[in-house]
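I have placed the structure first, in the form of structure tokens, so that the comments after it can refer back to it.
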Amino acid sequence: MTRYLKDLWYGWTTTWHSMWITIRHLFRPNKGYTIQYPTVKAPLPERARMRLFNRIEDCIGCGQCARACPTDCIDIQTEKRGKDEPPVFASDGTPIKLRTFVFDIDMTLCCYCALCTFPCPTHCLVMTKEYEYAVYDKRDHIYHFAVDKPRYASPAEKEQPAAKA
Amino acid sequence: MESIRDLLELIPYTTALPVWVQAILPPAVSAVILFLFVAVLAMFAIWLERKVAAHMQDRLGPMYVGGWHGWAQSIADTIKLLLKEDIVPAAADKALFKAAPAIVFIPSFAAFVVLPFGISSIVADLNIGVLYLFAVASLTVVGILMAGWASNNKYSLFGGMRSAAQIVSYEIPAALSVMPVIIIVGSLSMQQIVRAQTGGIQNWFVFRNPFTFLAFFLYFICSLAEVNRTPFDIPEAESELVAGYHTEYSGMRFAFFFLAEYSNMFLVAGIATTLFLGGWSQVLPAQWVPKQLIPGPILFFLKALSLVFVQIWLRWTLPRLRVDQLMYLCWKVMLPLALVLVLGAGLLAVW
């Protein structure tokens, strides 16, 4: 009987105690934990690694990024620029000897390790702070950075002038 | 209903209508008004619950829909539920499955008939009001059991069975905890009970004598169990039974279960208000403020809503009871206490 009453009293008092705790939290003025995301954004760390971006004008097509990538998400195809073409230089003065006509990054494969950005000799491949890039089609996650068209559509075509001569 | 009849008489040509239309019109109008009231109230209660829950957990809750603190969130949710596909499981008992939401909702709606919102705002002041309330409110369990059984799903059936066991058990202390009040008033009519408490806060039955004071708390706890709210929400325990008896429901039928739950919440709060907190009568003692300043329906609404708030408050405070703990509380704690209260109130009334 004593235990029964003790239990009752314990249940009664702890209920009031816990109710006091919750009501204190209810009227707590500062709810600083929630960020109203689409309108307010959390500040990113200084070196946040988000979507990759390649400044194609500076890219020399060396392919070191593609080799560094652990998930093989970068696809580069290049060809030699012709001797007759005017020389092109990257913004730091490096001569661009290759024409990069395919520079695709598949962001669905990217693991955001940033290993590709370190070997880049012209620092043209960087990780931006852009993180809102959801798309409806998976294929839209493959970013095509190359702007140049290949001069020779296929290696065979390249051979042709030599064969004629 | 009398006031609605009076209002309808103000509209010209209603007396020219056939007699049966004249007979049906006042109840129909009051039913529509009550339904709108219940629906809007349920929507508001859902929004309130989400906001209170969020703030008790130091979150913010709905914040976008409608602009100001997500006030239109429940409206958006209702529209979504209305537009959703109405799925009836292939293995379900079709007829029972479809009837269950209505059978859950109708009793809680019907019980609103005797809630005295004001001196004249009551649909029907039955002379057996309290008895009617308990009789009608206990019909809900049929619908819940029906939903659980018809879904043909283990979890639903468990939820239905648990709910039936719980509601049937808690009917007894709930009905007994009302007895002290009825002993004092000597009437089952809701309006009579409120009239016995007019004249300020000191006349309310909560503060009348120690037995009714305890009876208020007892009734409140039992009413929590009857509407399947935490800490007695084992019928729809999310973490064990998915959603209990309404696991298989979707769209509008699911919305009806929710409507029933929230209107039930307001209903039991309204009953507690009527029986113990003076219904529509004024708060300040009559010696200080002889005239009622705030209109009765608003007072009733505020009192009931504050009890709804306490229900929500408790839900986000206490953990769920185990089934055996639930039955222990009912049969070994509530029932003896209720009997003692009835005895004490009876002795006090005779003495």
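The values are calculated or read from the model by the stated rules, or taken from the named source; none is laboratory data. A quick note: this is a predicted structure, and the numbers were derived from the prediction, not measured. Here the Cβ is made from the backbone with ideal geometry for all residues, glycine too, and neighbour counts use every protein chain on show. For the accessible areas, the whole protein counts, side chains as well, though only heavy atoms, and no ligand, DNA or RNA atoms are used. Shrake-Rupley method; radii C 1.70, N 1.55, O 1.52, S 1.80 Å.
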Of A:Pro121, B:Ser306, A:Trp9, farthest towards positive along the dipole that unit charges on Lys, Arg, Asp, Glu beta carbons give the protein assembly as shown: A:Trp9
Using θ = phi - 60° and the Karplus curve 6.51 cos²θ - 1.76 cosθ + 1.60, what whole-Hz ³J(HN,Hα) does each residue of the range B:258-272 get, with Gly and Pro shown as x? 5, 4, 5, 4, 6, 6, 5, 4, 5, 4, 5, 5, x, 5, 4
Given R₀ = 22 Å, what would the calculated FRET efficiency be for A:Phe27 paired with B:Ala39, taking r from the Cβ atoms and rounding to 0.05? 0.15
Identify the residues of the range A:121-138 with backbone N under 15 Å of a label point that sits 7 angstrom from the Cα of A:Asp75 along the Cα-to-Cβ direction, or state none. A:138
How large is the accessible surface of A:Arg151 in square angstrom, using a 1.4 angstrom probe and rounding to the nearest 10? 100
To the nearest 500 deg cm²/dmol, what mean residue ellipticity at 222 nm is calculated for the protein assembly as shown from DSSP H runs of n ≥ 4 alone, each contributing -39,500 (n - 2.57), summed and divided by the residues? -17000 deg cm²/dmol
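Grab the other residues whose beta carbon is less than 10 angstrom from that of B:Gly279, score K and R as +1, D and E as -1, and report the net. Provide the component values of the computation, followed by the final result.
Values: positive: B:Arg195, B:Lys303; negative: none.
Summing Lys and Arg as +1 and Asp and Glu as -1 gives +2.
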Highest-MSF residue in chain A out of A:Val88, A:Val102, A:Val40 [GNM, Cα springs under 10 Å]: A:Val40
Taking the Cα centre of chain A as origin, work out the dipole magnitude from +1 charges on Lys and Arg Cβ and -1 charges on Asp and Glu Cβ, in debye rounded to 20. 740
When chain B is treated as a Gaussian network with springs between alpha carbons less than 10 Å apart, the largest mean-square fluctuation among B:Ala164, B:Ala95, B:Ala39 is found at B:Ala95
Roughly what angle does helix A:2-26 make with the longest principal axis of chain A, taking Cα atoms, 0 to 90 degrees, to the nearest 10? 50
The protein assembly as shown: radius of gyration and largest Cα-Cα distance (Dmax), Å: 34.7, 129
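Over the whole of A:18-28, what's the average partner chain Cβ count within 10 Å per residue? Rounded to a whole number, please.
Details: counts 4, 6, 1, 2, 11, 4, 1, 6, 12, 2, 3.
Shielding by partners across A:18-28 averages 5.
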The farthest towards the positive end of the charge dipole of the protein assembly as shown, of the residues A:Pro29, B:Tyr262, B:Cys222, given +1 on Cβ of Lys and Arg and -1 on Cβ of Asp and Glu, is A:Pro29
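Taking every residue in B:48-61, how many Cβ atoms of other protein chains lie within 10 Å of its Cβ, on average?
Numbers: counts 0, 0, 0, 1, 3, 2, 3, 6, 8, 5, 8, 3, 5, 2.
Whole-number average of other-chain Cβ neighbours for B:48-61 is 3.
Provide the net charge surrounding A:Arg139, with neighbours chosen by a C-beta distance below 15 Å and charges set as Lys +1, Arg +1, Asp -1, Glu -1. List each step's numbers first, then the result.
On the way: positive: A:Lys138; negative: A:Asp75, A:Asp104, A:Asp106, A:Asp137, A:Asp140.
Value of the local net charge: -4.
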Pairwise Lys count, the range A:9-134 - Cα closer than 17 Å, eight or more residues apart or different chains: 4
Within chain A, which is the longest segment that contains none of the chymotrypsin sites (Phe, Trp or Tyr not before Pro) sitting in a DSSP loop with at most 16 other Cβ atoms within 10 Å? A:34-111
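If you rank A:Met107, B:Met252 by how much accessible surface each has, with a 1.4 Å probe, what is the order from largest down? The partial results should precede the final answer.
On the way: A:Met107 10, B:Met252 70 Å².
Per-residue accessible area, sorted high to low, gives B:Met252, A:Met107.
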Rounded, prolate or oblate: which fits the range B:1-131, taking a ≥ b ≥ c as square roots of the Cα gyration tensor eigenvalues, rounded meaning a/c under 1.5, else prolate when a/b beats b/c? prolate
Under a 1.4 Å probe, counting only protein heavy atoms, B:Tyr328 has an accessible area in Å², nearest 10, of 90
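Only Cα pairs under 8 Å and at least 6 apart count here; give the relative contact order of chain B as a rounded whole percent. The partial results should precede the final answer.
Values: 541 pairs, mean separation 74.6, N = 351.
After rounding, I find 21 percent.
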Top mean-square fluctuation among B:Leu326, B:Leu275, B:Leu284, Gaussian network model of chain B, C-alpha springs under 10 Å? B:Leu284
Taking the full set of protein chains and a 1.4 angstrom probe, give the accessible area of B:Met63 in square angstrom, rounded to the nearest 10. 40
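So if a site counts as exposed when it's one of the GluC sites (Glu not before Pro), its DSSP state isn't H, G, I, E or B, and it has at most 12 other Cβ atoms within 10 Å, what's the longest stretch of chain A without one?
No qualifying site falls inside A:47-129, the longest such stretch.
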Long-range lysine pairs (8 or more apart or interchain), chain B, Cα under 27 Å: 11
In the neighbourhood of B:Ser250 defined by beta carbon distances under 10 Å, the net charge of the other residues (Lys, Arg +1; Asp, Glu -1) is -1
In nm, to one decimal, how far is the modelled label at A:Thr13 from the one at A:Ile142, with both set 7 Å along Cα→Cβ? 7.1
Taking Cα pairs closer than 8 Å and at least 6 residues apart, the relative contact order of the range A:52-149 in percent is 38
Test item: B:329-338 mean partner chain Cβ contacts at 10 Å: 1
Under 5 Å between amide hydrogens, which residues at least 5 positions from A:Ile96 or on another chain qualify, with H placed 1.01 Å from N in the peptide plane? A:Val88, A:Phe89, A:Ala90
